[in-house]
Amino acid sequence: MSKRDCYEVLGVSKSADAAELKKAYRRLAMKYHPDRNQGDESADEKFKEAKEAYDILSDPQKKAAYDQFGHAGVDQSAGMGGGGFGGGGVGDIFGDIFGDIFGGSGGGAGGRRQSRGADLRYNLELTLEEAVHGMEKTIRVPRMSNCATCKGSGSRPGSEPTNCGTCHGQGQVRMQQGFFSVQQTCPQCRGQGKVVSDPCSSCSGQGMVRDEKTLSVKIPAGVDEGDQVRLSGEGESGGPGARQGDLYVQVRILQHDIFERDGDNLYCEVPVSFTTMALGGSVEVPTLSGRANIKIPPETQSEKVFRLRGKGVRNVRNGAQGDLYSKIVVETPVNLSKKQKDLLKQLEDELSKGGDKHSPRRGSWTSKIKSFFDDLVT
């Protein structure tokens, strides 16, 4: 039975480079591997076919022979002792392909994995004014850092870590089951390739100690609840030679006595006397940039909202300025004297003489109530 074209098997063109070949093969190998398709002979054949195609096209000499003579050129080379699945072997092919997935660096050498320190998160509480105007804040962050005594090696000063006996200093171990071979980080040395035989007394051989660092955080104007400021390299240590993690400062806005914030807009309630609402006037309202006045038209109803443009929060990303919405609320007078009560009673008597003229909403409400009960009766 004739073999399929290798380029057709992998689904690549003849101009495909090494990276494209590896990507195509990895996709097919993951799809048709026997461990994922137990009992499926068709998948097993496709797996072997893809493996053979990749072995040929990933080897420059085999590829040159295949491009000129097809499978016959490769089979001839194998008969002379130079090809087939020789060379690195099936285990090396899988160590290279799947090592990238599971943290290995590929190849027979099995390079040491570069770890990275853990990221940290710090919750920073700000007042509304601090968040709106921006500021610089000093924080103290507990974290794991390289031990100053052993410089992060974990070994007592004057001694050195020794090669790991499990991975022989490679930092990687290879696990093989049948034809399936995968490189992974050595569990004994955690990818470092070295183990501590004479531990440092300051860090007990860990190479890291817990400390507290003081940092200055610049908070941009306009930040909101949940926004984050990233401080690169201010997280925890990852050990010798590893990159430090990052610190994410997450903003939390404290509740304000006057304002409520929704995005770039601010909201507040302004208590106003009954006489001001009836006769009109002016009321002073606070803003984050100073004082402002709202003109109250005569006969203004309770809970009317006045909008003060540009008195909200400047957006931290696009610079757009939000607004301030002030809701006017009538405050009922309390602790009245007898004279004040008498005056209000006289006013009520005078207003009642006009019927619904002075209270149209109340008159409309009374009509709706009457109609409602009339409908119930009928």
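The values are calculated or read from the model by the stated rules, or taken from the named source; none is laboratory data. Since the model is a prediction, treat every value here as computed from it, not as a measurement. Note that each Cβ is placed from the backbone with ideal geometry, even for glycine, and that neighbours are counted across all protein chains shown. What goes into the accessible areas is simple: the full protein's heavy atoms, side chains included, and nothing from ligands, DNA or RNA. Shrake-Rupley method; radii C 1.70, N 1.55, O 1.52, S 1.80 Å.
Let me confirm something: among ASP211, ASP224, which residue is among the charged types (D, E, K, R), touching a helix residue (DSSP H, G or I) at 6+ places or on another chain (Cβ under 9 Å) and in contact (Cβ under 8 Å) with a residue 60 or more places away in the chain?
Result: ASP224 is the single residue among ASP211, ASP224 that is among the charged types (D, E, K, R), touching a helix residue (DSSP H, G or I) at 6+ places or on another chain (Cβ under 9 Å) and in contact (Cβ under 8 Å) with a residue 60 or more places away in the chain.
With the requirement that a residue be at pLDDT 90 or above, surrounded by fewer than 15 Cβ atoms within 10 Å (Cβ to Cβ) and not in a strand (DSSP E or B), what does the range 120-148 give you?
Scanning the range 120-148 gives THR127, GLU129.
Quick one: in the range 149-166, of everything that is surrounded by fewer than 15 Cβ atoms within 10 Å (Cβ to Cβ) and among the charged types (D, E, K, R), which residue is modelled with the highest pLDDT?
Among those residues, the one meeting the criterion is GLU160.
Can you say whether PHE306 is among the aromatic types (Phe, Trp, Tyr) and modelled with pLDDT under 95, as far as the supplied structure shows?
No; evaluated as a whole, the condition is false for this residue.
Tally the residues that are farther than 24 Å from LYS23 by Cβ and at pLDDT below 75, restricting the search to the range 40-83.
Going through the range 40-83 one residue at a time, the tally reaches 12.
State all residues of the range 28-53 that are touching a residue at least 12 places away in the same chain (Cβ under 8 Å) and among the acidic types (Asp, Glu); if no residue qualifies, say none.
Result: ASP35, ASP44, GLU49, GLU52.
Would you list the strands (runs of 3 or more DSSP E) that sit entirely within the range 272-378 and hold 1 or more residues that are on the phi > 0 side of the Ramachandran plot, open to solvent by less than 60 Å² (accessible area, probe 1.4 Å) and small (Gly, Ala, Ser)?
281-287, 290-296
Might you check whether a residue that is surrounded by fewer than 18 Cβ atoms within 10 Å (Cβ to Cβ), over 24 Å from VAL182 (Cβ atoms) and at pLDDT below 85 occurs anywhere in the range 21-31?
No, the conditions are met nowhere in the range 21-31.
If I filter the range 207-225 down to residues being among the β-branched types (Val, Ile, Thr) and more than 24 Å from the chain's Cα centre (by Cα), which single residue comes out as farthest from SER145 (Cα to Cα)?
It comes out as THR214.
What are the residue pairs meeting all of these: first residue in the range 12-26, first residue of a type outside the set (D, E, K, R), second residue open to solvent by 80 Å² or more (accessible area, probe 1.4 Å), Cβ atoms under 7 Å, and 6 or more apart or on different chains?
Pairs found: VAL12/GLU20.
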